[in-house]
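These notes are about the structure you will find just below.
The values are calculated or read from the model by the stated rules, or taken from the named source; none is laboratory data. Bear in mind that the values here come from a model prediction, so they are computed numbers and not experimental data. Note that each Cβ is placed from the backbone with ideal geometry, even for glycine, and that neighbours are counted across all protein chains shown.
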Amino acid sequence: MVFASLVFLLFFFPLSLLFNWLHGNINYKNIVLVLFSLIFYAWGEPVWVFLLLFTTLVDFTMARLIEKNENHWRAKMYLGISVFFSLGILVVFKYSGFLCGIFTDITGYSVKAPNLALPIGISFYTFQSLSYILDVYRGQVSAQKKYLNYLLFISLFHQLVAGPIVRYSDIAQEIEKRSATWADISYGVNRFAWGLFKKVFFANTAGTLVAKYLEGDLGALSISEAIMGIFLFAIQLYYDFSGYSDMAIGMGRMLGFHYLENFNFPYIAKSIKEFWTRWHISLGSFLRDYLFTPIAFNKRHWGKWGVMYALLITFALSGLWHGASWNFIFWGLYFAVLIILEEWFLNRIFKFMGSWLSHVYLILAVFFSYPLFYFTDFQKLKQYFFILFSGSHPWQKTGFTSDLLEHIYWMIAAIIFLTPLGKKMGVYLIQKLSNKPAIIGLANTIASITFLLIAIALLVAKSFNPFLYFRF
Amino acid sequence: MRKNWHHILNTLFPIGLLAFLAVLFSMMGKKEISTSEKRKLTAFPALNWQTWTDGSFTRTLEDYIADHFAYREDIIAGTDGIKNAFGIARKSNEGKFIAIKKKKASIKTKKTTLVIDSNYTVALDTGAELLLTNGVFIYDSCSYQFFGGNSYSSARYANMYNAVVEHLPKHIKYYAVLVPSSTEFNLPPATYRYKANSETKGIHYIYSGLNEKIGKADVYNHMKAHRKEYLFFKTDHHWTARGAYYAYEAFCEIADISPLTLGQMSSKFVGGPFLGSLYQLTHDPTLKANPDRLEIFDIPFNGAKAYYKFDANQTQWTPTKIVYKNGEFGIGYGVFLGLDYPVMRIDGPQKNGRRLFILKESYANAFVPFLVPHFEQIFVADVRYFPYKIDKFIEEYNINEFLMMNQLVMANNPYTPQKVLNMLKGKQ
C-alpha cells in the first residue's frame with residue numbers, strides 16, 4: 001500500500017487512528033499498530049510479510065544474545081550472524097541480478113539470477129535492523145525485551161516503505177511510553193496533508209512532464225527540452241521523497257512518535273558536502289556513523305588518503321543502495337569526487353568569490369548528477385549528454401515556450417517551496433498573528449482540508465480513462 | 001480545552017473529512033458504465049487466495065474506489081480547473097499535441113494470417129504501422145487526429161474488400177466510400193498537416209487496389225469544394241450531417257441516384273451547444289470554450305420505418321428511429337441512428353427493388369439517413385458487432401447492393417479487415 005492512494009486515505013489511515021485512540025493502554029496501542037503495519041505491508045506484498053516476520057525474529061534473537069554475551073567473543077559472532085543474515089537477504093533480493101550480470105561479464109559463463117520480486121521497503125528496514133544490532137553491540141542501546149515491540153520498530157507502516165530510516169535509539173522510549181497532545185495531533189495532520197500535497201500536486205505532475213521529455217524518442221529532443229526534463233526530475237525526486245517523509249513524520253506525531261527530519265531544503269546548500277547533510281538525512285547519517293567513520297578510523301594511518309578512501313567506498317555503496325545498477329554506483333562516486341575536490345581547492349575559490357558562486361556550483365553539480373540517476377541504460381545516458389553538448393541538436397523547438405508557460409505558475413510554486421521561503425513566510429505570519437490563535441487555527445484547518453481535497457481530487461482524476469468508441 | 005480548541009478543530013475536520021468521504025463512497029450507489037468515458041467501470045474484485053496473493057485484488061480495489069468515487073465526474077471536471085491554473089494558456093492558433101494514455105485501450109490482435117479461401121490470403125500484422133498517432137492535436141480551438149496509415153495498411157483493406165467481392169454472389173453491385181478527416185481540410189499544411197500521413201494518398205492507395213467491380217465514391221473532392229462549411233465537429237471525431245451530405249452526393253454519382261439537393265431539405269440546429277468525444281478525451285479548455293452545435297436536415301423519409309437487432313438470437317426486429325431529433329440519446333452525434341446497433345433494417349419509401357447492405361462504423365450514421373428516400377430496404381451492419389455470417393444474411397434478405405463505408409483511419413486499422421474476414425467465416 002502507498003500513502004498516496006484512496007484505499008489508504010479513506011479507509012486505512014482513519015481506521016488506524018480510530019483504533020489507536022480507542023484505548024490508552026500502550027500494549028494495546030502497540031498491538032494495534034503492529035497489526036495495521038502488517039496489513040499495510042501484506043496489502044501489496046502478501047508473501048513477503050513472512051520474510052519480514054522471520055528477519056525481525058532473527059535480529060531480535062541475535063540482539064538479545066549479543067547483550068547476554070557482552071564483551072565476549074560470542075557477541076561478535078552473533079553480530080556477524082545478524083549482519084550477514086540481513087545483508088545476505090538484501091543481496092539475494094536486490095542485488096543478485098546485478099551480481100550475476102557482473103559475473104557473466106567477467107567470466108563469460110552465463111549465470112541466471114533467481115527471478116525474485118523485490119520486497120517493498122527491504123532497503124529501509126534492513127538498514128533499520130542493522131543500526132539496531134550495531135547499537136546493541138556497541139552498548140549504545142539496550143536490546144528490546146519484547147518481540148512485539150521490536151517488530152513494531154521495524155514494521156511501523158509510517159516509515160516502512162520510504163523512510164525516514166528511524167534508529168532504534170530515536171524511538172526506543174516512545175515504543176514503551178508515548179502520548180500525543182492535541183497540539184501534536186494537529187501538527188501531525190498539517191504535516192501529513194502538506195506531505196500528501198507535495199507528493200500528488202508537485203511530484204506526480206512533475207513526473208508526467210518528465211516522462212513527456214525523457215521517456216520518448218531522445219533523439220528528437222532539443223537542448224532546452226533535455227534540460228527541462230532533468231530539471232523537472234530534480235523537482236519530482238525532491239517532492240516525492242520529502243513528501244513521503246513529511247507524511248511519515250506527521251503520522252508518527254499523531255500517535256506520539258517523534259521522527260527526525262529527513263530533508264532540510266537540500267537545493268539551497270553551498271557544497272555537495274552540505275547537500276548530503278540536507279538530503280535524505282537519515283540515510284546520510286546512517287552511512288556516516290556505520291560506514292564512513294569506521295572505515296576512516298580503520299584507515300587513519302593513511303592520513304587524508306584514508307578519508308578519501310572512506311568517502312569513495314561510502315558514496316559508492318550509497319549509490320548502490322539506491323538501485324542495483326552501475327549508474328547508481330557512478331552517481332555515488334560522482335558526489336564523492338566532488339567532495340574531495342571541494343576539500344582540495346573548490347571551497348577556497350568559493351570563499352574568495354562569494355556564496356553566489358557556491359550556490360550556482362551546487363545547482364549545476366546536482367543537475368548533472370541526475371542524468372546518472374535517471375538513465376539506467378548507458379546508451380541513453382550517452383545520448384542525453386550528446387544532446388546537451390554535441391551542438392547537433394537545436395536549442396529549442398516550436399511549442400516549447402508554450403509548454404513552459406502552460407505550467408509556469410505551478411513551476412514558480414514548486415521552486416518557491418524548494419527553498420525555505422514558504423516556511424519563512426509561514427513562520428512570519430504565525431509570529432504576526434501570535435495574539436490571534438483563532439485565526440492561526442482556522443488557517444491551519446483550511447490549509448489541511450484544501451491540501452487533502454486537492455490531492456484526493458487529483459488521485460480520483462487519475463482514473464479518468466476515456467475511449468473514442470464504447471468499450472464494454 | 002478552551003486553549004486547545006483550534007488544535008481539536010484542526011484534527012477533527014481533516015480526519016473527519018477523510019472518514020466522511022469513506023462513508024459517502026460506501027453509501028452511494030455504484031454505476032456500471034461511464035457514458036462520458038465510453039467504458040465499463042471497474043467492478044468490485046473477487047477476493048480469494050489467488051487474487052490476494054498475486055496482488056490483483058488490492059490493485060483492482062484501488063481502481064474500483066477511484067471509478068466509483070462520489071461525484072467522480074464533477075471532481076474530474078474540477079481538476080481540469082486546477083490544471084488550467086498551472087500556467088498561461090497557449091494562443092489558440094498554436095498547435096498542441098495531447099498524448100492520450102493507452103491504458104486498456106489497445107485492440108488485441110495477434111500477428112496472424114487469415115486464409116479466406118484458396119485464392120485470398122490476407123496478412124494481418126498489428127505491429128507494422130502506426131495508424132493513428134496516439135493523441136489528439138488541438139489547433140485554433142478545434143481537435144484533430146493524425147492519420148498514420150500507409151501503403152501496407154491500405155493494401156490490407158483493399159485485399160479484404162476484394163475477398164468480400166469474390167466471396168459474395170456475382171449479381172451484387174459494390175460501392176466503396178472512404179471518408180477523410182478534418183485534418184486533411186482544416187490544418188495549415190506547412191505548419192501542422194505535414195505531421196500526419198496524407199489522407200488523399202491513403203484513399204488513392206486503397207481505391208487503386210480495389211476490384212474494378214467496386215464503384216469508388218470521390219468523397220474528398222466533393223467535400224473539398226465546400227471546405228469552408230461546417231463539415232466536421234470541432235470537439236468530436238465525427239463529421240456533421242452537412243459533411244455527410246457531400247459524401248452522399250459523391251455516392252449518388254456511382255450508385256445511379258439523383259441526389260436530393262440541399263435546397264430540397266430544410267435544416268435546423270437542435271439542442272444547445274455540446275462537447276464531443278475529443279473534448280472528453282482531452283478536456284482541453286480551448287475546446288470547452290468552443291462547443292459544437294448539431295445541425296439536422298429535414299430529409300423526406302415518407303413513412304420509412306427503422307428496426308434493429310442486438311444479437312443473432314433475437315428473432316423479431318425491434319422498432320427504432322432513423323434520427324432521434326428529440327435527443328433521446330443526448331444531443332450529439334448519437335442522434336443519427338441512435339446507437340451503433342449491430343444491425344439495423346430500414347424499410348424505405350421506394351418500391352424499386354433496391355436493397356442495400358452497408359458495412360460501416362459510426363461515420364455512416366450521419367450518412368445513412370440521406371439514402372433512405374432512394375431504397376426499398378437498407379441494412380446497416382456495424383463492423384464491430386454484426387453477429388451473422390455475411391453471405392447467409394445477404395442471401396436471406398435478397399440484398400443486391402453492397403456498400404463498405406469507412407473513415408480512413410478505421411479502414412487502415414488492422415481491426416476492421418480482421419472483423420470483416422471473420423464475418424465471412426461466420427465468426428465474431
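Is it the case that A:Ile171 is without any contact (Cβ under 8 Å) to a residue 60 or more places away in the chain and under 30 Å from A:Lys68 (Cα atoms)?
No; evaluated as a whole, the condition is false for this residue.
Go through (1) farther than 24 Å from A:Tyr41 by Cβ; (2) buried (at least 17 other Cβ atoms within 10 Å of the Cβ); (3) within 7 Å of another protein chain (Cβ to nearest Cβ); (4) within 37 Å of the chain's Cα centre (by Cα) for B:Thr58 and report which single condition fails.
Evaluating B:Thr58 over (1) farther than 24 Å from A:Tyr41 by Cβ; (2) buried (at least 17 other Cβ atoms within 10 Å of the Cβ); (3) within 7 Å of another protein chain (Cβ to nearest Cβ); (4) within 37 Å of the chain's Cα centre (by Cα) leaves (1) as the failure.
Restricting to region B:334-365, name every residue that is touching a Gly at 6+ places or on another chain (Cβ under 7 Å) and closer than 30 Å to B:Pro273 by Cα.
B:Val335
Can you say whether B:Glu361 is under 29 Å from B:Lys201 (Cα atoms), touching a residue at least 60 places away in the same chain (Cβ under 8 Å), in contact with a Lys or Arg (Cβ under 7 Å, 6 or more places away or on another chain) and buried (at least 16 other Cβ atoms within 10 Å of the Cβ), as far as the supplied structure shows?
no
For region A:194-210, which residues satisfy the criterion of being in contact with a helix residue (DSSP H, G or I) (Cβ under 8 Å, 6 or more places away or on another chain) and among the β-branched types (Val, Ile, Thr)?
Across region A:194-210, the qualifying residues are A:Val200, A:Thr205, A:Val210.
Just to be sure, is A:Tyr78 buried (at least 17 other Cβ atoms within 10 Å of the Cβ), part of a helix (DSSP H, G or I), of a type in the set (Phe, Trp, Tyr) and modelled with pLDDT of 90 or more?
Against the criterion (buried (at least 17 other Cβ atoms within 10 Å of the Cβ), part of a helix (DSSP H, G or I), of a type in the set (Phe, Trp, Tyr) and modelled with pLDDT of 90 or more), A:Tyr78 qualifies.
Out of all the residues in region A:405-420, is one or more in contact with a strand residue (DSSP E or B) (Cβ under 9 Å, 6 or more places away or on another chain) and either within 14 Å of chain B (Cβ to nearest Cβ) or farther than 30 Å from B:Asp74 by Cα (or both)?
Checked against the condition, which is being in contact with a strand residue (DSSP E or B) (Cβ under 9 Å, 6 or more places away or on another chain) and either within 14 Å of chain B (Cβ to nearest Cβ) or farther than 30 Å from B:Asp74 by Cα (or both), region A:405-420 yields at least one hit.
Quick one: which helices (runs of 4 or more DSSP H) lie wholly within region B:138-253 and hold at least 2 residues that are of a type outside the set (Val, Ile, Thr), farther than 22 Å from B:Leu275 by Cα and at pLDDT 90 or above?
B:151-167, B:199-209, B:219-224
Kindly indicate the residue of region A:174-215 that is without any contact (Cβ under 8 Å) to a residue 40 or more places away in the chain and of a type in the set (Gly, Ala, Ser) and also farthest from the other protein chains (Cβ to nearest Cβ) among those meeting that condition.
Selected residue: A:Gly207.
Looking at the structure I just gave you, is A:Leu418 farther than 25 Å from B:Ile82 by Cα and at pLDDT 85 or above?
Here the answer is no, as A:Leu418 does not meet what is asked.
Identify, please: which residue in region B:29-46 is of a type in the set (A, V, I, L, M) and surrounded by 13 or more Cβ atoms within 10 Å (Cβ to Cβ) and is, among those, nearest to B:Asp236 (Cα to Cα)?
B:Leu41
Looking only at region B:314-326, decide whether some residue is touching a residue at least 40 places away in the same chain (Cβ under 8 Å), over 17 Å from B:Pro300 (Cα atoms) and surrounded by 15 or more Cβ atoms within 10 Å (Cβ to Cβ).
No, that holds for no residue.
For A:Gly399, work out the one condition from (1) assigned by TED's automatic domain parsing to the domain that holds A:Tyr213; (2) in contact (Cβ under 8 Å) with a residue 40 or more places away in the chain it doesn't fulfil.
It fails just one condition, (2).
For region A:416-425, state whether one or more residues are surrounded by 13 or more Cβ atoms within 10 Å (Cβ to Cβ), in contact with a helix residue (DSSP H, G or I) (Cβ under 9 Å, 6 or more places away or on another chain) and within 17 Å of A:Ile227 (Cβ to Cβ).
Among the residues of region A:416-425, at least one is surrounded by 13 or more Cβ atoms within 10 Å (Cβ to Cβ), in contact with a helix residue (DSSP H, G or I) (Cβ under 9 Å, 6 or more places away or on another chain) and within 17 Å of A:Ile227 (Cβ to Cβ), which makes the answer yes.
Quick grid of which residues meet (1) within 18 Å of B:Thr58 (Cα to Cα); (2) in contact (Cβ under 8 Å) with a residue 60 or more places away in the chain:
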residue: A:Trp21; (1), (2): no, no
residue: A:Gly24; (1), (2): no, no
residue: A:Asn30; (1), (2): no, yes
residue: A:Leu38; (1), (2): yes, yes
residue: A:Leu51; (1), (2): no, yes
residue: A:Val58; (1), (2): no, no
residue: A:Thr61; (1), (2): no, no
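Being in a loop (DSSP other than H, G, I, E, B) and closer than 21 Å to B:Ser267 by Cβ narrows it down to one of B:Gly353, B:Gly338, so name that one.
B:Gly338
In region B:230-261, how many are under 16 Å from the mean Cα position of the chain (by Cα) and over 30 Å from B:Tyr139 (Cβ atoms)?
0
Do we find that B:Leu24 is more than 7 Å from chain A (Cβ to nearest Cβ), in contact (Cβ under 8 Å) with a residue 12 or more places away in the chain and part of a helix (DSSP H, G or I) in this structure?
The answer is yes for B:Leu24.
If A:Val47 satisfies all but one of (1) more than 12 Å from chain B (Cβ to nearest Cβ); (2) surrounded by fewer than 20 Cβ atoms within 10 Å (Cβ to Cβ); (3) in contact with a Pro (Cβ under 9 Å, 6 or more places away or on another chain), what's the number of the condition it fails?
Result: A:Val47 passes all but (1).
What's the number of the only condition in (1) at pLDDT below 90; (2) more than 10 Å from every other protein chain (Cβ to nearest Cβ) that A:Lys382 fails to meet?
(1)
Taking region A:5-33 as the search range and keeping residues that are over 30 Å from B:Phe69 (Cα atoms) and assigned to a loop (DSSP other than H, G, I, E, B), which one is farthest from the other protein chains (Cβ to nearest Cβ)?
A:Asn25
Looking for whichever is away from chain B (no Cβ under 12 Å) and modelled with pLDDT under 95 here; the options are A:Leu429, A:Leu433. Which one fits?
A:Leu429
When you go through (1) within 20 Å of the chain's Cα centre (by Cα); (2) under 24 Å from B:Tyr157 (Cα atoms) one by one for B:Gly215, which number turns out not to apply?
In the conditions (1) within 20 Å of the chain's Cα centre (by Cα); (2) under 24 Å from B:Tyr157 (Cα atoms), B:Gly215 misses (1) alone.
Does A:Phe345 count as of a type in the set (A, V, I, L, M, F, W, C), more than 20 Å from A:Tyr370 (Cα to Cα) and either crowded, with 18+ Cβ neighbours inside 10 Å or not assigned by TED's automatic domain parsing to the domain that holds A:Leu372 (or both)?
no
If you go through region A:219-229, how many residues are crowded, with 21+ Cβ neighbours inside 10 Å and in a helix (DSSP H, G or I)?
4
For every residue, the table says whether it meets (1) hydrophobic (A, V, I, L, M, F, W, C); (2) at pLDDT 90 or above; (3) under 27 Å from A:Ile31 (Cα atoms); (4) surrounded by 19 or more Cβ atoms within 10 Å (Cβ to Cβ).
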| residue | (1), (2), (3), (4) |
| --- | --- |
| A:Tyr109 | no, no, no, no |
| A:Ser123 | no, no, yes, yes |
| A:Ser142 | no, yes, yes, no |
| A:Phe153 | yes, yes, yes, yes |
| A:His158 | no, yes, yes, yes |
| A:Ala162 | yes, no, yes, yes |
| A:Ser179 | no, no, yes, no |
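Mind counting the residues in region B:266-310 that are within 14 Å of another protein chain (Cβ to nearest Cβ) and either at pLDDT 90 or above or surrounded by 16 or more Cβ atoms within 10 Å (Cβ to Cβ) (or both)?
13
With the condition kept exactly as written, say whether any residue in region A:79-100 is in contact (Cβ under 8 Å) with a residue 60 or more places away in the chain and either touching a helix residue (DSSP H, G or I) at 6+ places or on another chain (Cβ under 6 Å) or not assigned by TED's automatic domain parsing to the domain that holds A:Asp59 (or both).
No, because not a single residue in region A:79-100 is in contact (Cβ under 8 Å) with a residue 60 or more places away in the chain and either touching a helix residue (DSSP H, G or I) at 6+ places or on another chain (Cβ under 6 Å) or not assigned by TED's automatic domain parsing to the domain that holds A:Asp59 (or both).
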